[in-house]
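Student: I am attaching a structure below and will ask some questions about it afterwards.
The values are calculated or read from the model by the stated rules, or taken from the named source; none is laboratory data. In this text, all values refer to a predicted model and were calculated from it rather than measured experimentally. FYI the Cβ positions are ideal-geometry reconstructions off the backbone, even for glycines, and counts take in every protein chain you see. Accessible surface is based on the protein model in full, side chains and every heavy atom, while ligands, DNA and RNA are left aside. Shrake-Rupley method; radii C 1.70, N 1.55, O 1.52, S 1.80 Å.
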Amino acid sequence: MTRQVRCGGVAIGGGAPVSIQSMTNVDSRDEKALLEQIARLEDAGCQIVRMAVPDRESAEVLGRVRRKIHIPLVADIHFDYRLAIAAIEAGADKVRINPGNIGSTDRVRAVVDAARQRGIPIRVGVNSGSLEKEILQKHGGVTAEGLAESALRNLRMIEDMDYDNLVVSLKSSDVRMNYEAHKILAAATDHPVHIGITEAGTPGRGKVKSAVGIGSLLLEGIGDTMRVSLTADPVEEVYFAKEILRSLGLRKSAVNLVSCPTCGRTKIGLEALAEKLERELDRIEEMRSAQAQKTGRMLRPITVAVMGCAVNGPGEAREADFGVAGGDGKGLLFSRGEIVGSVPEEDIIPALLQMIEEETRKELQNESQSEGNGQV
């Protein structure tokens, strides 16, 4: 097991649940755009957010943003150690540096001293695109061994400065190389590990690479916090990270969506309905999960079935907590095994959500009353 550090209120390592991160992609000097995007990321389930700090102005903006958001904020620094110090002084909850491009040992030490004074962790990050020249020469290019060597060398540099409040990451866009490098790293250090596949690509291809690359590491027990890197709206990264964790049983799902693959009998736009409902259910799941964190008790998981026709539809919808069986441009609604009505296709999502939200409100109200009565 890795040791544990804290990024704001989020524990990383030491047996804590794998946390989900993402990174803003709006102008780091645009406070309004940052706040809007971070709010969307938080609503999606992001637990730690990172922003690039390329200049002094963005370091100042980081400080103002940090005071207005609810999740930890990490400063992403390259090249200029003074920006790392400025971001730390502005209130960053963690700072990400690549010591190889920060410069001299004295400059790295200055960043370490600033982090020590604030009591925040440093993420030591190494990417396949930024390996030191001597390591590239030694290994004949970018290799798993070279990635691990670079990460371990940079960790030792900071450990020698008597600082161990560290998280380590090494990332490659090559899934196999990424996997092998992490195995070497995990065998050589107990610092918590931030995992991901760097520059994974567009959602279509990037999700496949991320699922294989991140999933294989998690199955090996490697990874304490993670980011899915996609050329897309970062909210997509968060949604997909949650799916990876759910599929591995590392994140309990408060809401389970069942939907059929469709066939020639389907007479409603089931694919669009299921995708839209999935996003709405993510919002409800976050609300239910927040209640669990607050009370220490999970609300009862619910299953929602969206089925396309009369073959398996009524049976699946009846077995779920809430469901719909598609007809010709309409849907038959079920609640707790009972038919409650039939609605036109365009009203299916609102009708399902109304039933689910009413149920959730009742459960939350019952939990609050139980708390007030001292029941455990």
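Student: Identify all residues within segment 3-22 that are touching a helix residue (DSSP H, G or I) at 6+ places or on another chain (Cβ under 9 Å) and either open to solvent by less than 30 Å² (accessible area, probe 1.4 Å) or part of a helix (DSSP H, G or I) (or both); write none if there are none.
Tutor: Val18, Ile20, Gln21, Ser22
Student: What residue, among those in segment 146-158 that are open to solvent by less than 70 Å² (accessible area, probe 1.4 Å) and of a type outside the set (A, V, I, L, M, F, W, C), is farthest from Val124 (Cα to Cα)? If you could, list the steps in order and put the result at the bottom.
Tutor: So in segment 146-158, the residues open to solvent by less than 70 Å² (accessible area, probe 1.4 Å) come out as 146-152, 154-155, 157-158.
From the residues that got through so far, the ones that are of a type outside the set (A, V, I, L, M, F, W, C) too are 146, 149-150, 154.
Values: Gly146: 15, Glu149: 13, Ser150: 10, Asn154: 7 Å.
Here the residue is Gly146.
Student: So Ile102 fits all but one of (1) in contact with a strand residue (DSSP E or B) (Cβ under 7 Å, 6 or more places away or on another chain); (2) on the phi < 0 side of the Ramachandran plot; what number is the exception?
Tutor: Unmet for Ile102, out of (1) in contact with a strand residue (DSSP E or B) (Cβ under 7 Å, 6 or more places away or on another chain); (2) on the phi < 0 side of the Ramachandran plot: (1).
Student: Can you tell which of Thr202, Thr105, Thr143 is open to solvent by 10 Å² or more (accessible area, probe 1.4 Å), polar (S, T, N, Q), over 20 Å from Gly221 (Cα atoms) and within 19 Å of the chain's Cα centre (by Cα)? Outline the logic, then answer.
Tutor: Details: Thr105 fails: within 19 Å of the chain's Cα centre (by Cα); Thr143 fails: within 19 Å of the chain's Cα centre (by Cα).
Selected residue: Thr202, the only one of Thr202, Thr105, Thr143 that is open to solvent by 10 Å² or more (accessible area, probe 1.4 Å), polar (S, T, N, Q), over 20 Å from Gly221 (Cα atoms) and within 19 Å of the chain's Cα centre (by Cα).
Student: Say whether the condition of being open to solvent by 30 Å² or more (accessible area, probe 1.4 Å) and within 26 Å of His191 (Cβ to Cβ) is met by at least one residue in segment 48-64.
Tutor: yes
Student: A follow-up question, please. Only residues in segment 158-169 that are in a strand (DSSP E or B) count as the first member; pair them with residues that are of a type in the set (Asp, Glu), Cβ under 9 angstrom, at least 6 apart or cross-chain, and list the lot.
Tutor: Qualifying pairs under 9 Å: Leu166/Glu159; Val167/Asp224.
Rundown of residues vs (1) closer than 30 Å to Ile97 by Cα; (2) within 16 Å of the chain's Cα centre (by Cα), yes/no style:
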{"position": "Ile184", "(1), (2)": "yes, no"}
{"position": "Ile197", "(1), (2)": "yes, yes"}
{"position": "Gly221", "(1), (2)": "yes, no"}
{"position": "Val235", "(1), (2)": "yes, yes"}
{"position": "Gly269", "(1), (2)": "no, no"}
{"position": "Ala272", "(1), (2)": "no, no"}
{"position": "Glu280", "(1), (2)": "no, no"}
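Student: On the given criteria, is Ala211 of a type in the set (Gly, Ala, Ser) and within 19 Å of the chain's Cα centre (by Cα)? Spell out how you get there, then give the answer.
Tutor: Numbers: of a type in the set (Gly, Ala, Ser): yes; within 19 Å of the chain's Cα centre (by Cα): yes.
The answer is yes for Ala211.
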